[in-house]
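Novice: One structure is given below, represented as structure tokens, and several questions about it will come after.
The values are calculated or read from the model by the stated rules, or taken from the named source; none is laboratory data. Please read these numbers as outputs of a predicted model, since none were measured by experiment. All Cβ positions, even for glycine, are placed from backbone atoms using ideal geometry, and neighbour counts span all protein chains on display. Heads up: the accessible areas ignore ligands, DNA and RNA and are worked out on the full protein's heavy atoms, side chains in. Shrake-Rupley method; radii C 1.70, N 1.55, O 1.52, S 1.80 Å.
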Amino acid sequence: MSDIILGIESSCDDTSAAVICDGVLLSNVIASQSVHEAYGGVVPELASRAHQQNIVPVVSEAIKRAGIDKKDLSAIAFTAGPGLIGSLLVGTSFAKGFSTALGIPMVEVNHLHGHVLAHFIKEDDTTEVPHFPYMCLLISGGNSQIIIVEDYNKMRILGQTIDDAAGEAFDKCAKVMGLPYPGGPYIDRLAAEGDASRFKFSKPHIPGLDYSFSGLKTSFLYTLRDALKSDADFIEKNKADLAASLQRTIIEILLDKLKKAVALHPEIKQLAIGGGVSANSGVREAVADFCRQRHLKAFIPKRTFTTDNAAMVAIAGYFKYKDGQFCDLDIAPFARVEV
């Protein structure tokens, strides 16, 4: 009998539902919220209201596209955190109601865990997946971590951000430049046209394998502030070069720690990346080059699976389901946690 998992993702501003059967993706539906663009960032109250409007039609569409009946479901997996509490409550509450109505178990999924396991989403039988153990560079809007993945449900953090994450650095610096939200994709496109060596921004000197991006944000802000005093059109004239230089600096910070982590763990022969920032063209190219130079097998996710999506929740839930890791109806979502 097949194991069919419905995954629900509602940690931020995307409402998503996906269906996975025996590890193979049958559907993945995402409803994004454009309302936040006018505010330059996600407004939690507006996000939770939009989730309430979207979750029923999104789940219905995911089940329809999967070609199954809701009675065929073996379990329902949902993002329990980290994320925005109001948004998470919508997904959690729906999962509880659906689980009770259908008499099937619930599986709570750590959002970061989902990003790490996105490489195991199979769209057909030819999908190549990592072998344990492997190293994963998780880079998203709220998290930057280097992780040793020992098994589907066993991970060890080697280093993580002590303040801001790489994705936040991209978005906050883009906002200072006057770019639309979310700023990361705009930085990516502009960087392709700019001179990455034009501007120099400060890089942190943090011991060990931990990350820090707050100093970079400050350096970027001060560079713009000082230049604007003598030229009010400085940003407009130098957008591409600023974007390229910012992207280069962030990548150098990420790879500097990654280089140290790989040197400390010569037994690791595979390197994967995950999270929203892994959609960045410069990051993808740099990691691919990094792996070629060190004879490591690189796993670069499809862009569809880098941003918040329920397919990664469903696959993470699938492996927890196989291990019998269910949760009770009194489960509460959480805003912050490590992998």
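Novice: Report, in debye and to the nearest 20, how large the dipole of the chain comes out about its Cα centre when Lys and Arg carry +1 and Asp and Glu carry -1 on their Cβ.
Specialist: Here the chain has a charge dipole of around 580 debye.
Novice: A further question follows. Under the Kirkwood approximation for Rh and a Cα-based Rg, what ratio Rg/Rh is obtained for segment 149-235?
Specialist: 1.07
Novice: For a quick protection proxy, order the peptides 61-70, 10-19 by their average other-Cβ count within 10 Å, most packed first.
Specialist: My ranking of the peptides, most packed first, is 10-19, 61-70.
Novice: In vacuo Debye scattering of segment 9-81, one point per C-alpha: log10 I(q)/I(0) at q = 0.17, 0.22, 0.25 Å⁻¹?
Specialist: With one equal scatterer per Cα and no solvent, log10 I(q)/I(0) is -0.66, -0.95, -1.12.
Novice: Please list, in chain and number order, the residues 5+ apart from Lys297 or on another chain whose amide H is under 5 Å from its amide H, with Hs placed from the backbone.
Specialist: Answer set, sorted by chain and number: Gln270, Leu271.
Novice: Find which of Ala272, Phe220, His295 sits farthest along the positive direction of the dipole of segment 220-333, computed with +1 on the beta-carbon of Lys and Arg, -1 on that of Asp and Glu, about the Cα centre.
Specialist: His295
Novice: If packing is taken as the average count of other Cβ atoms within 10 Å, what order do 202-212, 109-119 fall into, highest mean first? Kindly include the intermediate steps, with their values, before the conclusion.
Specialist: Numbers: 202-212: 15.0, 109-119: 26.7.
Ranked from most to least packed, the peptides come out as 109-119, 202-212.
Novice: Can you give the local net charge around Asp308? Use residues other than it whose beta-carbon is closer than 11 angstrom to its beta-carbon, Lys and Arg +1, Asp and Glu -1.
Specialist: Residues near Asp308 contribute -3 overall.
Novice: Which value, in debye to the nearest 20, describes the size of the charge dipole of segment 193-339 about its Cα centre when Lys and Arg Cβ atoms bear +1, Asp and Glu Cβ atoms bear -1, and nothing else is charged?
Specialist: For this selection, approximately 420 debye.
Novice: Largest first, please: the extent of the C-alpha atoms of segment 16-140 along each principal axis, to the nearest Å.
Specialist: Sorted from largest, the Cα extents of segment 16-140 read 42, 38, 22 Å.
Novice: Okay, moving on. Considering only protein heavy atoms and a probe of 1.4 Å, how much of the accessible area of segment 1-142 is carbon and sulfur, as a whole percent?
Specialist: Of the solvent-accessible surface of segment 1-142, carbon and sulfur hold 51 percent.
Novice: Any idea what the dipole of segment 58-159 comes to, in debye rounded to 20, about its Cα centre with Lys/Arg Cβ at +1 and Asp/Glu Cβ at -1?
Specialist: Taking the Cα centre of segment 58-159 as origin, the dipole is about 360 debye.
Novice: Could you work out how far helix 166-176 tilts from the main Cα principal axis of the chain, as a 0 to 90 degree angle to the nearest 10?
Specialist: Orientation of helix 166-176: about 60 degrees from the principal axis.
Novice: Can you give me the Kirkwood hydrodynamic radius for segment 175-327, using every pair of distinct Cα atoms, in Å to one decimal?
Specialist: Evaluated over segment 175-327, this radius sits at 17.7 Å.
Novice: For a paramagnetic label modelled at 7 Å from the Cα of His295 toward its Cβ, which residues of segment 127-141 fall within the zone defined by backbone nitrogen distances under 20 Å?
Specialist: 131-135
Novice: Can you give me the pair-distance distribution of segment 43-96, C-alpha pairs, 10 Å bins, whole percents?
Specialist: All Cα pairs, binned at 10 Å, distribute as 22, 50, 25, 4 percent.
Novice: In whole Hz and in residue order, list the ³J(HN,Hα) couplings for segment 91-98 that follow from phi through the Karplus curve 6.51 cos²θ - 1.76 cosθ + 1.60, θ = phi - 60°; x for Gly and Pro.
Specialist: x, 5, 5, 5, 4, 4, x, 5
Novice: Please identify which residues in segment 41-79 have an amide N closer than 17 Å to a label point set 7 Å out from the Cα of Ile85, following the Cα→Cβ vector.
Specialist: Residues 43-49 qualify, since their backbone N sits under 17 Å from the label point.
Novice: So how tilted is helix 281-293 from the main axis of the chain? Cα-based, degrees 0 to 90, rounded to 10.
Specialist: 90
Novice: Return the distance in nm (one decimal) between the two label points of a simple spin-label model at Lys200 and Thr304, each offset 7 Å from Cα along Cα→Cβ.
Specialist: Computed distance between label sites Lys200 and Thr304 equals 4.5 nm.
Novice: Sort 311-318, 41-48, 71-78, 262-269 for me by packing, meaning the mean count of neighbouring Cβ atoms within 10 Å per residue, highest on top.
Specialist: Working: 311-318: 31.2, 41-48: 16.5, 71-78: 21.5, 262-269: 12.4.
My ranking of the peptides, most packed first, is 311-318, 71-78, 41-48, 262-269.
Novice: Still on this structure: With no solvent and one equal point scatterer per Cα, compute the Debye intensity ratio I(q)/I(0) for segment 99-253 at 0.17 Å⁻¹ and report its log10, rounded to two decimals.
Specialist: For the requested q values the scattering log ratios are -1.01.
Novice: Still on this structure: If you take every DSSP beta bridge whose two residues both sit in the chain, what share of them, in percent to the nearest 5, is antiparallel?
Specialist: 60
Novice: Can you give me the distance in nm between label points at Glu128 and Leu46, each placed 7 Å from the Cα along the Cα-to-Cβ direction?
Specialist: The two pseudo-label positions are separated by 4.3 nm.
Novice: Further question: When the chain is fully extended, how far beyond the present Cα-Cα distance does Ser32 get from Ala232, taking 0.36 nm per residue of separation?
Specialist: That pair, Ser32 and Ala232, stretches by 68.5 nm at full extension.
Novice: OK, next. Kirkwood-based Rg over Rh for segment 228-315 (C-alpha set), two decimals?
Specialist: That ratio equals 1.11.
Novice: Ok, one more. Can you give the helix-only mean residue ellipticity at 222 nm for the chain, where every DSSP H stretch with n ≥ 4 adds -39500 (n - 2.57) and the sum goes over all residues, rounded to the nearest 500 deg cm²/dmol?
Specialist: Calculated from helices alone, the mean residue ellipticity at 222 nm is -13500 deg cm²/dmol.
Novice: Relative to the longest principal Cα axis of the chain, at what angle does helix 310-322 sit, 0 to 90 degrees, rounded to 10?
Specialist: Once rounded, the angle reads 50 degrees.
Novice: For Lys64, which lysines qualify as cross-link partners when the Cα separation must be under 25 Å and same-chain residues fewer than eight apart are set aside?
Specialist: List returned: Lys96, Lys122, Lys302, Lys320, Lys322.
Novice: Let me know the Kirkwood hydrodynamic radius for segment 72-164, please, with Cα pairs as the basis and the value in Å to one decimal.
Specialist: Kirkwood hydrodynamic radius for segment 72-164: 15.2 Å.
Novice: Let me ask another. Using just the alpha carbons, could you tell me how many Å³ per residue the convex hull of the chain encloses? Walk me through the numbers on the way to the answer.
Specialist: Details: hull volume 44.2 nm³, N = 339.
It comes to 130 Å³ per residue, whole-number rounded.
Novice: What does the extension gain come out to for Ser214 and Ser60, with contour length at 0.36 nm per residue minus their alpha carbon separation?
Specialist: Answer, rounded to one decimal: 51.3 nm.
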